[in-house]
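The next block holds one structure in the form of structure tokens; read it before the comments.
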Amino acid sequence: MHLFRMYWQRTLRRPGSVLIWLSLPFVFMTIYTMVFGNDSSGPPKTTLAIVDRDSSMVSRLLKGAFVQGPVGEMITTVDAADTMEVLELFRTEKASAALIIPDGFGERLLRTKPQALTLYKNPRHSIGPQIAEGITRSLAVIADGLLAQFQQPLQQIASMDRTPTVDEVGEMSRMVFATGQNARGLSVIQKINVTVVEEEDETEAADFNLASMFFPGLIMFGLLSVSLHLEHRFLRDRVEHVTRRFVTAPVSPWSIAIQQRLYSASFVYVVGVLAAVLGGLIWRIPAHGLGAANLITIALALFVSGFNGVVFSLSNSVRAVSAISSITMIFLAILGGGFFPVEFTPPAFQSVMKFVPTGMANLGLTHSLTGKPLGISMPVLFLYCGAFFVAGMFASRRRVL
Amino acid sequence: MRGNWWKIARLELTLAMRDRESLLWSLVAPIAMAWMFGGMFGDDGPPAPTRVTVVAGANPPALRAVAEDYLRGRGFVIAEDGIRVELPDSMLDRIGDGRDVDARVIQGDAASLRAQSVSASVREMMYHVAFHARMEGDTLIASAADRVPFLAVESRTLGAAPREVTNKERMLPAMLIMYIMFQVMTFFLSLWVDDLRTGKIKRIVMSPSTPSDLLLGEIAARLAWASLQVVVILGVGSLVMGVRLDVNWFYFSLVLLAFMLAAASIGMMAASFFRTSEKAGAIGVLISLVLAALGGCWWPLEIVPAALRAVALALPTGQAMSAIGEMLALGPATPFPLTAVAVLLLMSGIALIVAARRMRAQLVQ
């Protein structure tokens with residue numbers, strides 16, 4: 001096992017490139033966390049521009065309704081002077097929708113005269129405008145409900161064309177109080193809640209962890225990349241006739257091929273475990289099913305080593321092999337849920353992924369880390385990955401000389 | 001008259017073209033990925049109306065009818081196989097008693113966006129019921145049914161009318177942008193590092209060619225390659241995948257040209273920082289994928305936080321994707337993408353200056 005040891009020493013002596021490749025999953029997980037968050041806090045807030053042409057107490061109340069309670073957790077408001085500014089906000093994608101509060105809005109509202117607010121949607125966006133529209137309509141329903149119930153006192157106040165006397169103020173206060181006592185729906189506004197769940201038997205995920213869904217796939221992508229780098233070193237040895245000199249040492253071609261594959265698989269496995277532990281600590285991935293995850297990582301290391309062994313035996317042209325291996329690696333990563341977890345894809349796609357070793361590994365890893373049944377057969381996975389490993393040895397052996 | 005730069009460009013292109021596998025994969029991959037991602041995350045045509053199933057549970061049948069009418073009025077189709085909306089048992093009693101009123105929207109296989117829009121409308125419906133509905137015997141009375149609301153919301157689009165952009169229409173340009181960057185950051189980047197290491201570049205400079213010829217030739221080769229990618233990817237996308245981009249083609253071409261120039265210049269600048277092709281290849285992949293992700297090639301920029309959106313607009317991929325996204329949304333009526341073109345040209349200019357200085361230094365080492 002002299003070569004096996006030599007390959008390890010060579011990589012550890014100059015680990016720069018390996019570290020760069022290994023940084024891939026960490027860089028992408030950081031980006032994912034920045035975009036989607038790592039818990040169940042939900043997507044970023046939608047920005048709603050508000051053009052307040054009324055500037056009355058009522059319009060300020062309306063603006064305030066957008067920053068309070070659950071609505072404030074879903075939406076951010078920004079003031080805009082006019083529609084020209086709204087257009088600019090839309091163009092620079094700084095707002096998804098704009099609410100226009102017309103001049104005289106407060107006055108008409110207090111006089112309980114029907115009116116409409118205009119909500120402009122940014123045509124560049126698809127998700128934000130729907131959220132803004134849903135929230136604005138909900139607030140309008142609440143406002144309409146309140147106006148309907150307080151219609152009488154409001155109309156009485158509005159009909160006064162002089163300063164009310166102390167008795168009249170008292171009477172109006174009593175009327176507002178009495179209406180409030182009998183009003184329907186007021187007490188329940190804060191208690192209405194709608195939860196979106198994926199499956200019928202699912203409750204709201206309190207311990208959702210994005211990293212446990214995405215990081216295994218990203219590690220897989222990182223391992224494919226690291227393996228690619230190792231194979232490039234083997235290829236260079238081959239092209240510069242270093243491998244041929246091993247044979248004259250003499251080391252048998254079979255021994256060279258086996259030691260190369262073993263080194264590649266062991267390196268990928270060790271690096272995978274280290275990356276997984278580090279990522280688990282950084283993103284606080286719950287420690288479920290570590291035994292199964294470890295076995296799957298071994299199978300994955302065998303597959304990656306074997307597959308790249310086959311790919312790098314296709315040609316002696318560095319550029320050709322680089323192109324093929326890079327693209328196949330990206331396809332394997334995508335088909336294996338490297339960038340988007342298998343579970344996020346449609347069922348038809350998932351059924352295809354279950355036949356790709358990287359897809360099987362990803363499914364098993366995400367399921368084991370999220371405490372679900374594995375969903376894959378471990379013997380089949382090992383059989384599949386072992387077959388690729390053996391194929392990789394045969395292919396490498398063919399190219400030794 | 002064409003100078004030496006053209007010979008250098010032709011040489012680079014010939015080398016790239018001879019690498020058949022590389023040629024094949026660099027052109028096939030973006031199309032395959034656009035097809036794959038387009039198929040994975042959406043339909044080919046404009047989205048069909050969202051189907052909703054209302055499960056009223058232990059509630060009077062009339063409440064189910066009110067809920068269905070309300071949701072129908074919001075454009076949803078009531079069907080047995082839709083997104084399930086489960087109303088809480090004894091909903092009206094809960095409202096009357098001021099207890100928690102929790103409804104569930106079960107997404108199932110539907111897209112999360114559809115489930116979110118159903119959720120918003122269900123909440124609206126529940127507020128409506130809370131204020132306006134009451135039971136009289138077995139009859140549900142909706143008090144607001146026959147009056148004009150005091151406050152309504154009219155939604156419109158400011159500017160040009162929006163278009164329903166299909167997933168494939170969005171993915172094809174995104175993959176094009178990603179792979180132009182990918183190609184200059186991987187293949188061409190390694191090519192330069194290898195050529196420098198093997199002395200080919202120095203031999204070129206010892207010939208009557210000047211360093212300016214070299215830089216111009218390298219940039220021209222990258223531009224020509226990127227142009228080939230544009231033609232093949234958009235052509236095949238149109239003919240095979242049936243993706244017809246309804247955009248102002250002059251503006252679209254200008255943005256692509258400015259992006260190609262920026263990508264080629266940045267690729268040259270990046271290449272001047274490496275001594276070994278291993279590191280160049282590794283970092284090239286990393287940079288191009290990060291630029292693609294942050295620039296909005298993987299997801300729409302509207303879903304990312306404001307800070308990341310600002311980062312995206314500081315990147316060539318982000319500028320290109322933002323301009324292309326606007327063209328796809330507004331169609332041929334899109335205003336001239338002046339900012340995107342200007343920023344991309346500025347990026348290109350800065351990268352070219354840095355690349356020229358560093359390359360000159362590399363040549364005299």
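The values are calculated or read from the model by the stated rules, or taken from the named source; none is laboratory data. Treat the numbers as computed from the prediction; the structure is a model and nothing was measured. Cβ coordinates were reconstructed from backbone atoms using ideal geometry, including for glycine residues, and neighbour counts include every protein chain displayed. Keep in mind that these areas ignore ligands, DNA and RNA; they rest on the heavy atoms of the full protein, side chains included. Shrake-Rupley method; radii C 1.70, N 1.55, O 1.52, S 1.80 Å.
For the stretch A:206-247, the candidate set comprises residues that are at pLDDT below 85, open to solvent by 30 Å² or more (accessible area, probe 1.4 Å) and outside any helix (DSSP H, G or I); within that set, the residue that is farthest from A:ALA275 (Cα to Cα) is A:ALA206. Every listed requirement among (1) more than 14 Å from chain A (Cβ to nearest Cβ); (2) in contact with a Phe, Trp or Tyr (Cβ under 6 Å, 6 or more places away or on another chain) is met by B:LEU214 save one, (2).
Looking at A:ASP161, A:ASP103, A:ASP167, just one residue is open to solvent by 30 Å² or more (accessible area, probe 1.4 Å) and modelled with pLDDT of 90 or more, and that residue is A:ASP103. For the stretch A:74-128, a residue qualifies if it is at the interface with another protein chain (Cβ under 7 Å from one of its Cβ atoms), in a strand (DSSP E or B) and of a type in the set (D, E, K, R), and exactly one does: A:LYS121.
Yes or no: the stretch A:140-158 includes at least one residue that is closer than 19 Å to A:LEU62 by Cβ and in contact with a Pro (Cβ under 7 Å, 6 or more places away or on another chain). Looking through the stretch A:140-158, at least one residue is closer than 19 Å to A:LEU62 by Cβ and in contact with a Pro (Cβ under 7 Å, 6 or more places away or on another chain). Here B:LEU23 does not qualify as open to solvent by 60 Å² or more (accessible area, probe 1.4 Å) and either at pLDDT 75 or above or on the phi < 0 side of the Ramachandran plot (or both). For the stretch B:280-312, the set of residues classified as more than 7 Å from chain A (Cβ to nearest Cβ), in a helix (DSSP H, G or I) and under 13 Å from the mean Cα position of the chain (by Cα) consists of B:LEU291, B:ALA292, B:GLY295, B:ALA312, listed by residue number. Within the stretch A:144-166, is even one residue of a type outside the set (D, E, K, R) and within 38 Å of the chain's Cα centre (by Cα)? Checked against the condition, which is being of a type outside the set (D, E, K, R) and within 38 Å of the chain's Cα centre (by Cα), the stretch A:144-166 yields no hits at all. For the stretch B:88-125, the set of residues classified as of a type in the set (A, V, I, L, M) and either facing another protein chain (nearest Cβ under 8 Å) or open to solvent by less than 10 Å² (accessible area, probe 1.4 Å) (or both) consists of B:MET91, B:ILE95, B:VAL101, B:ALA103, B:VAL105, B:ILE106, B:LEU113, B:ALA115, B:VAL118, B:ALA120, B:VAL122, B:MET125, listed by residue number. B:THR276 falls short on exactly one of the conditions (1) modelled with pLDDT of 90 or more; (2) among the hydroxyl-bearing types (Ser, Thr, Tyr); (3) open to solvent by 30 Å² or more (accessible area, probe 1.4 Å), and that condition is (1).
For A:SER55, are the conditions met, namely being assigned to a loop (DSSP other than H, G, I, E, B) and small (Gly, Ala, Ser)? Show your work before the answer.
Numbers: assigned to a loop (DSSP other than H, G, I, E, B): yes; small (Gly, Ala, Ser): yes.
Spelling it out, A:SER55 is indeed assigned to a loop (DSSP other than H, G, I, E, B) and small (Gly, Ala, Ser).
Candidates are the residues of the stretch B:279-290 that are modelled with pLDDT of 85 or more and open to solvent by 20 Å² or more (accessible area, probe 1.4 Å); the one that is nearest to A:PHE28 (Cα to Cα) is B:VAL290. With respect to B:LEU261, is the statement that it is among the aliphatic types (A, V, I, L, M) and crowded, with 18+ Cβ neighbours inside 10 Å true? It is true that B:LEU261 is among the aliphatic types (A, V, I, L, M) and crowded, with 18+ Cβ neighbours inside 10 Å. State whether one or more residues within the stretch A:301-314 are of a type outside the set (Phe, Trp, Tyr), within 14 Å of chain B (Cβ to nearest Cβ) and open to solvent by 20 Å² or more (accessible area, probe 1.4 Å). The answer is yes, given that some residue of the stretch A:301-314 is of a type outside the set (Phe, Trp, Tyr), within 14 Å of chain B (Cβ to nearest Cβ) and open to solvent by 20 Å² or more (accessible area, probe 1.4 Å).
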